[in-house]
Amino acid sequence: MHKTHTCGDLRAEHIGQTVTLSGWVDTRRDHGKLIFIDLRDRYGRTQVVADPADAVAAHAVAETARNEFVLQVTGVVRARPAGSENPKLATGAVEVEAHAIEVLGPSKVLPFQLDDENTDEQIRLKHRYLDLRRPRMQRNLILRHKVVKFMRDFMDARGFIEVETPILFKTTPEGARDYLVPSRVHPGSFYALPQSPQQLKQLLMVAGVDRYFQIARCFRDEDLRGDRQPEFTQLDLEMSFVHRDDVLTLVEELYTAMIPVVTPEKKLLDTPWRKIPYREALSRYGSDKPDLRFGLELYDLSTIMAGSGFKVFQLALGSGGVVKCIVVPGCAGYSRKEVDDLTTFAKEQGAKGLATLALTAEGVRGTAQKFITPGEVEAIQALTGAREGDLVLFVADSLTVANKTLGALRLLFRDRLKLADPSLMAFAWIVDFPMFAWNDEEKRWDAEHHPFTMPKAEHLELMESDPGAVLADAYDMVCNGYEMASGSIRIHRRDIQFKIFERLGLDPADIQAKFGHMLEAFEYGAPPHGGMAPGIDRLVMLLADEPNIREVIAFPKNQAALDVMADAPSPAQEKQLKELGIKVLAD
């Protein structure tokens, strides 16, 4: 056998036993006659001592070994000499006196040092199999495993069945671009990789599988960022005969039970979680995925400023816009350059500008000082709680721009002033989303979530007369400024589903071609159903305190959607293209 114990197993009770370990050379220290090797595997480290007085051959092999060599060591466990114990290691009370050492796998000099946290990410991704040897990355993989295992056990205990759905499916409009897969046996036709198993899990409800879940792989061809990858994993779940709160209660119970088990150092901010209407989230936090670990809320000053002599405010209010602000604690002393930088940031978010009011011991100052009366200052302080030492930031613009800009400034100061406790997990439900979003470019209505979301029953009659007023029976799970899941009660009636497709601008022929299988299924006794799909990558990212999801995925793509380790995507051979009936056109 290659080993009798792992490199994290040995304790004082093993003293005197002959053991065999296998692992990687973490460090090697040559003290003349004695050579010390820390042997590492994913379970821990054990100190090995090679002494030529005890084992000449073993010592000779230890002389040739270098970092990251894979060794097999057989020897006797003994207590470390008094004073040389390492209390930082679980195995720090003992060492192995090597009687035999064999090199199982030599190693070249590494392209980067595994203990260098400043290594360029592209180099790490190029040699990901080395990067994953680092303790931090192994902890992330183990955490991910624990999360998924807890989810599976939890769902199984509540009567859910795990059902795998196809990776090759039909291309349908669901919000993002599909990854297309050409069919060799059906030239000119394509499969799509699923953006989610949305239609399939609904069909499972029609099939009578009333409680379904899946650790599902999903694919979306969209621009990348720190919390997005072209392929990702979610806990996909669907339930029959449920209302909204049945789904929310189940998922909230899952996360509330899981987090203390997999990451006991994390704390939940609220139990039960808050339910925040979509428009309230935008109004108070400037985002539909608010970070609730700190205050710094947005305030609407439109009423206070209705009679303001400040031309900027008058223009915004006169054109149907708003005047809103946030109050930044302790920043009244910001310099002109710092305020200019904030103004530039606001303009990058789409605002026309940024007005400021610093509340100092000497009075108020800032770009809005000349235009705001003492009475208005008092009214602002009464509404917002602003006090001496604070900096008030104003945006006068459309409601959408004001919310977006102040929401971005809120997060900027969260990080700059360290306002959010990193140990907190601030979960909430965002509810009462609009059913449709107006697409100004194409002059039509789009689905805010996806076209299979049920409108609220009381709003069905507004579908034709006022689509913008229709609310959906949809919900998002958010945490610490991230969207963690999206879900809804689904449409299970053919007539409603057909109307939704029509409202989205699809003609009957398109509807039949793209969704005929769904509409037909709804004619054979479809139960009311709903579900959601919590993302696993983002959850593990937050639990591991990592800056992006690439750190919790074994083999991720980089920000350009490239696998730099395997050099993918790469050109196909001409023979393959010919078989598929595909010709690549030059740019």
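The values are calculated or read from the model by the stated rules, or taken from the named source; none is laboratory data. The structure displayed is predicted, hence computed values, not measured ones. Here the Cβ is made from the backbone with ideal geometry for all residues, glycine too, and neighbour counts use every protein chain on show.
Contact map, the stretch 18-41: first residue free of Cβ contacts under 8 Å to residues at least 60 places away in the same chain and more than 23 Å from Lys108 (Cα to Cα), second residue of a type in the set (Asp, Glu) and not in a strand (DSSP E or B), Cβ cut-off under 8 Å, separation 6 or more or different chains; pairs are Lys33/Asp51; Leu34/Asp51.
Here Asp131 fulfils each of the conditions (1) of a type in the set (Asp, Glu); (2) within 14 Å of Ala554 (Cα to Cα); (3) out of contact with any helix residue (DSSP H, G or I) (no Cβ under 9 Å at 6 or more places or on another chain) apart from (3).
Residue pairs whose Cβ atoms lie under 8 Å apart, separated by 6 or more positions or on different chains, with the first residue in the stretch 547-571 and in contact (Cβ under 8 Å) with a residue 60 or more places away in the chain and the second in a loop (DSSP other than H, G, I, E, B) and among the β-branched types (Val, Ile, Thr), are Asn558/Val564. Residues in the stretch 136-159 that are part of a helix (DSSP H, G or I) and of a type in the set (Lys, Arg): Arg136, Arg139, Arg144, Lys146, Lys149, Arg152. Ala521 meets the conditions (1) of a type in the set (Gly, Ala, Ser); (2) touching a residue at least 12 places away in the same chain (Cβ under 8 Å); (3) more than 23 Å from Phe169 (Cα to Cα) in every case but one. The failed one is (3).
The conditions of being within 30 Å of Leu224 (Cβ to Cβ), of a type outside the set (Asp, Glu) and under 30 Å from the mean Cα position of the chain (by Cα) are not met by Val470.
Taking the listed residues Ala351, Ala346, the one that is among the aliphatic types (A, V, I, L, M), surrounded by 20 or more Cβ atoms within 10 Å (Cβ to Cβ) and in a helix (DSSP H, G or I) is Ala346, with no other qualifying.
Of the candidates Leu543, Leu539, the single residue that is buried (at least 16 other Cβ atoms within 10 Å of the Cβ) and touching a Ser or Thr at 6+ places or on another chain (Cβ under 6 Å) is Leu543. Exactly one residue out of Leu460, Leu539 is at pLDDT below 95, among the hydrophobic types (A, V, I, L, M, F, W, C) and touching a helix residue (DSSP H, G or I) at 6+ places or on another chain (Cβ under 9 Å): that is Leu460.
With respect to Glu174, determine if the residue is among the charged types (D, E, K, R), modelled with pLDDT under 95 and either out of contact with any Ser or Thr (no Cβ under 6 Å at 6 or more places or on another chain) or part of a loop (DSSP other than H, G, I, E, B) (or both). For Glu174, the condition - among the charged types (D, E, K, R), modelled with pLDDT under 95 and either out of contact with any Ser or Thr (no Cβ under 6 Å at 6 or more places or on another chain) or part of a loop (DSSP other than H, G, I, E, B) (or both) - is met. For the stretch 448-471, the condition holds for no residue, the condition being that it is touching a Ser or Thr at 6+ places or on another chain (Cβ under 8 Å), among the hydrophobic types (A, V, I, L, M, F, W, C), buried (at least 18 other Cβ atoms within 10 Å of the Cβ) and in a strand (DSSP E or B).
Evaluate the following for Val76: is it modelled with pLDDT of 95 or more, part of a strand (DSSP E or B) and touching a Phe, Trp or Tyr at 6+ places or on another chain (Cβ under 8 Å)? So Val76 does not fit the description; no.
Evaluated against (1) touching a Ser or Thr at 6+ places or on another chain (Cβ under 9 Å); (2) at pLDDT 95 or above; (3) of a type in the set (Lys, Arg), Arg550 falls short on exactly one condition, (1).
A search for C-beta distances below 7 Å between a residue of the stretch 256-273 that is closer than 16 Å to Ile536 by Cα and any residue that is surrounded by fewer than 13 Cβ atoms within 10 Å (Cβ to Cβ) and of a type outside the set (Gly, Ala, Ser), counting only pairs 6+ apart in sequence or on different chains, returns Thr256/Thr271.
Yes/no per residue for (1) over 19 Å from Arg225 (Cβ atoms); (2) of a type in the set (Gly, Ala, Ser):
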{"position": "Val478", "(1), (2)": "no, no"}
{"position": "Tyr482", "(1), (2)": "no, no"}
{"position": "Glu502", "(1), (2)": "yes, no"}
{"position": "Gly516", "(1), (2)": "yes, yes"}
{"position": "Asn548", "(1), (2)": "no, no"}
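From the list Asp432, Asp390, the one residue that fits, being among the acidic types (Asp, Glu), over 26 Å from Pro277 (Cα atoms) and touching a Pro at 6+ places or on another chain (Cβ under 7 Å), is Asp390.
Of all residues in the stretch 315-339, those satisfying the criterion of being more than 32 Å from the chain's Cα centre (by Cα) and either aromatic (Phe, Trp, Tyr) or surrounded by fewer than 17 Cβ atoms within 10 Å (Cβ to Cβ) (or both) are Leu315, Gly318, Ser319, Gly320, Gly333, Tyr334, Ser335, Arg336, Lys337. Does Ala358 qualify as being buried (at least 18 other Cβ atoms within 10 Å of the Cβ), under 19 Å from Arg416 (Cα atoms), of a type outside the set (Phe, Trp, Tyr) and under 38 Å from the mean Cα position of the chain (by Cα)? Yes; evaluated as a whole, the condition is true for this residue. Quick one: is Glu95 among the acidic types (Asp, Glu), at pLDDT below 95 and either surrounded by fewer than 15 Cβ atoms within 10 Å (Cβ to Cβ) or not in a loop (DSSP other than H, G, I, E, B) (or both)? No, not satisfied. Give the residue that is surrounded by the most Cβ atoms within 10 Å (Cβ to Cβ), with candidates limited to residues of the stretch 283-314 that are within 30 Å of Val431 (Cβ to Cβ) and of a type in the set (Gly, Ala, Ser). The qualifying residue surrounded by the most Cβ atoms within 10 Å (Cβ to Cβ) is Gly286. Entry remark, the stretch 198-257: residues being crowded, with 18+ Cβ neighbours inside 10 Å, hydrophobic (A, V, I, L, M, F, W, C), closer than 16 Å to Ala157 by Cβ and under 21 Å from the mean Cα position of the chain (by Cα) number 6 in total.
Among the residues of the stretch 385-405, write down those that are of a type outside the set (D, E, K, R) and either modelled with pLDDT under 95 or assigned to a loop (DSSP other than H, G, I, E, B) (or both). Passing the criteria: Gly385, Ala386, Gly389, Ser398.
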